[in-house]
1. Can you tell me which lysines have their Cα less than 18 Å from the Cα of residue A:112? Leave out same-chain residues fewer than eight positions away.
2. On a straight-distance basis, which aspartates and glutamates could pair with residue B:115 in a cross-link, Cα separation under 14 angstrom, same-chain partners fewer than 8 positions away excluded?
3. For a Förster distance of 35 Å, can you work out the FRET efficiency between the beta-carbons of residue A:38 and residue B:81, rounded to the nearest 0.05?
4. Kindly put B:66, A:11 in sequence by how many other C-beta atoms sit within 10 Å of each C-beta, fewest to most.
5. Residues of A:22-35, mean number of Cβ from any other protein chain within 10 Å of their own Cβ, rounded to a whole number?
6. Taking chain A as the reference, fit the longest principal axis to its C-alpha atoms, fit the long axis of helix A:130-142 to the helix C-alpha atoms, and give the angle between the two in degrees, 0 to 90, nearest 10.
7. Classify the stretch A:47-103 as rounded, prolate or oblate from the Cα gyration tensor: take a ≥ b ≥ c as the square roots of its eigenvalues, call it rounded if a/c is under 1.5, otherwise prolate when a/b beats b/c and oblate if not.
8. Taking other Cβ within 10 Å of each residue's Cβ, how do A:101, A:119 sort, fewest first?
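Nothing in this text is a laboratory measurement; each read-out follows from the coordinates by a stated rule. The model shown is predicted, which means the values in this text are computed figures rather than measured ones. Here Cβ is always computed from backbone atoms with ideal geometry, including for glycine, and neighbour counts include all displayed protein chains.
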Amino acid sequence: MASLLPVQIKDHWFAIDASAVREILGPRPWAVIPGASSEIPGVLGWKGRAIVVVDLGAMAARPAPLVEGEVRARTLVVEAGACFVAIPVDAAREAKSVSPERIHAPQLALEKFASAETELDGIPIAVVDVAALIETLKGAQKG
Amino acid sequence: MNALAGTFLIIPARGWSLALPASAVRRVLSEHEWPEEAPAPADLDETLGVEPDVGATPRRVLVLGDSSGEVAVRVRGALSMREVDPGRIWPLPIGLLGGRTAGFLEGIVLEDGAKPVFVIDARRVTERRRSGG
């Protein structure tokens, strides 16, 4: 069984692999990096280090990017490969167990960065592989 | 990040401050002290791709130096010196950050209620100025 954490940004719901989520913090101010992309607009402090802020809202089908000074109600700290990233969200629900056969390739193209899709409480929801997303973003920056 | 700790010249900018290692700053001149016959220094704001504080004055010329020589950059705003304790400067995950400015940043000081302070890699600034960028 996979454990998925449903999170909300505006009217978008995403599901993140709960095993990669290290902490769910409250609202955290973040520092914008001049000239940074809307997908990774800045950094925030976590356990004595600066970690990047990844804005899923900026990548959503109907973009709802963070604006400078905006702080969302929850901040996920997610382990993504060799690094940790912060994902500000408006809400996070209790993690749900989903059988692997209920997780499939994106069919409804809910979000362009969705690695998979499933249904939670009968509602299609995009599953985000944060580590893969980070690798994609790194590749885009280099390119 | 002890290697970064030390004394910094703090330059105000819009929404944050910039910190240049004082060891890289050879001289601080008023703009009118800069020789008229010398090429005009480039704005540090433009080099880094950041916005200055609106209407910030006065303007100063910083002469930055290293073993390869000196370059001059123009800055604006009220400059100050600040000692930063070891461990207060956090390295930035530069590999994950895009954009022109990130390439010049070495670390950040984040303190509750205060503007972020970005530590500038003076070596990259001098290299960019020497290359005419």
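1. Reachable lysines: A:10, A:138.
2. Cross-link targets: A:68, B:53.
3. The formula returns an efficiency of 0.50 here.
4. A:11, B:66
5. 4
6. Helix A:130-142 sits roughly 50 degrees off the main axis of chain A.
7. Values: a/c = 1.87, a/b = 1.28, b/c = 1.45.
Taking the square roots of the gyration eigenvalues as a ≥ b ≥ c, the stretch A:47-103 is oblate.
8. Fewest to most other Cβ atoms nearby, the residues stand as A:101, A:119.
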